[in-house]
Amino acid sequence: MLQLPNNLELSQSDLTKSHTIRVAALHALAYCPRLFYLEEVEELYTQDAAVFAGRRLHEELEKEEEEWEDLFLESEELGLRGRMDALRTRDGQTIPYEHKRGRPQRDENKQPQAWESDRLQILAYCCLLESALGIAVSEGRIRYHAENVLIHVPLDEMGRQAVQDAIQQAKKLRSSTQRPPVCSNERLCTRCSLAPVCLPEEARLAHNPEWEPVRLFPEDDRRQVLHILEPGTAVGRTGEQIKISRQGQPVEKIPAQQVSQVVLHSFSQISTQALHFCAGEDITVHWISGGGRYMGSFDSRQGSVQRRIRQYAALTSSETCLDLAKKLVNCRGKGQRQLLMRGKRGLKPVPENLTEAISQMQKVLKQVPRAESLASLLGLEGNLAALYFGALPNLISAQVPPEMHFAGRNRRPPKDRFNCLLSFGYALLLKDVMSAILTVGLESALGFYHQPRSQAAPLALDLMEIFRIPLVDLVVLGSVNRGQWDIQADFEVRGCQVWLSDSGRRKLVELYERRKQESWKHPVTGYSLTYQRLLELEVRLLEKEWSGEGGLFGHLVLR
Ligand code: SF4
């Protein structure tokens, strides 16, 4: 083992303050420039199974090999920093080692060779050693553990030049606000840990309508949303688990990896320790008032500044905002009309005002692409909403008790049970849309249609429009027609105000969360996802609208 003088050892904290480039980032660059950009500039990292497996390999090596020791080095002169897997002395030569979990590639003679990105990485470590320690390094070695093959990579002039070129390319990309295009080799994407946030197949579809995308976006999010509905419940942390202490009930413990959100309703409490823990585990915490109003969220993910700069640049253009708003109004209006048409199929005779509303809506929808301002679009949206809510009562079954009927939209506070259900459902939806925006790292305060007048973030209000019909209106209408509501036990009527009782809240939360787990085939990408995942996908597709890969946002219309 090479002994280093004390003054050459660098701590991790020293290194993270640096402006030098990580050697691991050069590995990403050689794999795909867009991967480098997403990780180093947009600060997007996902920890998929391959990443965990790689980390496990290093932990095992640390335990098994006595002389295994990693080492941090930095060279301002070279512009690199990195943590070497191992450094050994063989025949008087200092040799850096890199351990890889997988297999090497094979040349035309079936001989094992290092992958190009691995080769660049080990060469960069060789150059870093030379520059930081002032010693001569003639080669680096890569062990591919899946086949137990050791590859020698000599450091020659070509290798040095390749490292220099990569450093220059990395510096250039790091100062750019433009995300590089997706790579031309699709096979790289199927193994890329950032495919779910990069969405390469969707980008290819945006450029080529004939493209048939493969789904690289996870179909489902198996983590659960924890709704804490009982006032007085305390949420804390114990070890790696979320601890829920309900009054008069045994303590419940849930592993953090199984949780995506904690939703605190009414006056339930969460400890500072639990908030710190949630921040570290990327668990979003939301608050919903006892009256069913979305109050706010806590999420430590900031999103990169480059992504925000692109959003600000795009959404300060009134033309871009109008274009996006048209897609939104069109999407929601078509969804509303489609819901009325679905309901009409089961009615005999079909009420005249229902037929009339469907036909009028079609006429209004035709005017949407011609709207010349957000103000005129608001007028069209208002017309669509009036026609939709005016006709909606026709879809409520005659068997439904009069207390559950609907005679037009009202809110703040809702004056009847149906509106009370809609309002609480929209609060749950707003919370989920906020979660998706925070996950993607956009600025929720800057939207393209809603104006920043109320407490709610305009971008979240914008995006909600796409999901109101499939996630809330349909759920409420269906449950009312199925007679799932107890008009006494599930509601609290105070004068002309109607609120959900504890049992009513619990029931709607269950119906809503169940609906989010249902799959829907995306009309443009052609693959199926749960609504839970569609929320995030739609925010990512929105971001593509101003990142040179647009055209896929706002097509989620009920069939
Ligand atoms: S998914 Fe494909 S295009 Fe996107 S970063 Fe990974 S390799 Fe590059």
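The values are calculated or read from the model by the stated rules, or taken from the named source; none is laboratory data. Not measured: the values here are computed from a predicted model. So basically every Cβ, Gly included, is an ideal-geometry build from the backbone, and we count neighbours across all protein chains shown. Areas reflect the complete protein model, heavy atoms only, side chains present, ligands, DNA and RNA absent. Shrake-Rupley method; radii C 1.70, N 1.55, O 1.52, S 1.80 Å.
Phi-derived couplings, Karplus 6.51 cos²θ - 1.76 cosθ + 1.60 at θ = phi - 60°, listed residue by residue for the stretch 141-156: 10, 10, 9, 9, 6, 4, 10, 6, 10, 10, 10, 8, 10, x, 9, 10 Hz, with x used for Gly and Pro.
Using θ = phi - 60° in the Karplus curve 6.51 cos²θ - 1.76 cosθ + 1.60, the 3J(HN,Hα) couplings for the stretch 426-437 round to 5, 5, 5, 5, 4, 4, 6, 5, 4, 4, 5, 5 Hz; x is entered for Gly and Pro. Backbone geometry of the stretch 521-531 corresponds, through the Karplus equation with coefficients 6.51, -1.76 and 1.60 at θ = phi - 60°, to 3J(HN,Hα) couplings of 7, 5, x, 9, 6, x, 10, 9, 9, 6, 4 Hz, x marking Gly and Pro. Which percent, to the nearest 5, of DSSP beta bridges fully inside the chain are antiparallel? Here the share of antiparallel DSSP bridges comes out near 70 percent.
Say the dipole of the chain comes from +1 at the beta carbon of Lys and Arg and -1 at that of Asp and Glu; which of Leu471, Thr439, Trp211 then lies farthest toward its positive end? Among Leu471, Thr439, Trp211, the one farthest towards the positive end of the dipole of the chain is Leu471.
Here each label is just a point 7 Å from Cα along the line to Cβ, and for Ala279 and Gln168 those points are 4.3 nm apart.
Three principal axis extents of the chain based on alpha-carbon atoms, in descending order, are 91, 59, 43 Å.
Taking Lys and Arg as +1 and Asp and Glu as -1, the other residues whose beta-carbon sits under 12 Å from that of Ser245 total +2. Apolar share of the accessible surface for the chain: 49 percent from carbon plus sulfur atoms, 1.4 Å probe.
Taking the Cα centre of the chain as reference, the dipole from Cβ charges on Lys and Arg (+1) and Asp and Glu (-1) amounts to some 2840 debye. Find how many whole Å separate the alpha carbon centroid of the stretch 127-175 from the alpha carbon centroid of the stretch 396-441. A separation of 59 Å, based on Cα centres.
The slack between Glu319 and Arg101, meaning 0.36 nm per residue of separation minus the straight C-alpha distance, is 73.5 nm.
Projecting the Cα atoms of Ile288, Thr238, Val263 onto the charge dipole of the stretch 224-288 (Cβ charges, centred on the Cα centre) puts Thr238 farthest toward the positive pole. Close amide H partners of Ile242, meaning residues 5 or more places away or on another chain with modelled amide H under 5 Å apart, are Ile254, Ala256.
Quick check on the stretch 103-200: what does the Kirkwood estimate of hydrodynamic radius come out to from the alpha carbon pairs, in Å? Roughly 15.7 Å, rounded to one decimal. Over 22 Å, how big is the tail of the calculated P(r) for the stretch 305-545, in percent of all Cα pairs? Here the long-distance tail beyond 22 Å is 57 percent of all Cα pairs in the stretch 305-545. Restricted to Cα atoms, the stretch 330-471 shows a radius of gyration and a Dmax of 16.3, 50 angstrom. Modelled spin labels at Glu352 and Arg412, positioned 7 Å past Cα toward Cβ, are 3.7 nm from each other. Alpha carbon centre of the stretch 344-379 versus the stretch 508-542: separation in Å? One Cα centre to the other: 25 Å. Computed from Cα positions, the angle between helix 157-174 and the longest principal axis of the chain comes to roughly 30 degrees.
When ligands, DNA and RNA are left out and all protein chains stay put, how many square angstrom of accessible area per residue does the chain have with a 1.4 Å probe? Ligands and nucleic acids excluded, the result is 47 Å² per residue.
With the whole protein complex present, Trp520 retains an accessible surface near 20 Å², based on a 1.4 Å probe. Database note for the chain: Cys without another Cys beta carbon under 4.7 angstrom, Cys126, Cys127, Cys189, Cys192, Cys198, Cys278, Cys321, Cys331, Cys420, Cys496.
Computed over the stretch 224-288, the P(r) curve from all C-alpha pair distances, binned at 5 Å from the origin, holds 4, 20, 34, 28, 12, 2, 0 percent per bin.
In this simple spin-label approximation, His152 and Tyr312 carry label points 7 Å from Cα along the Cα→Cβ vector, and these lie 5.5 nm apart.
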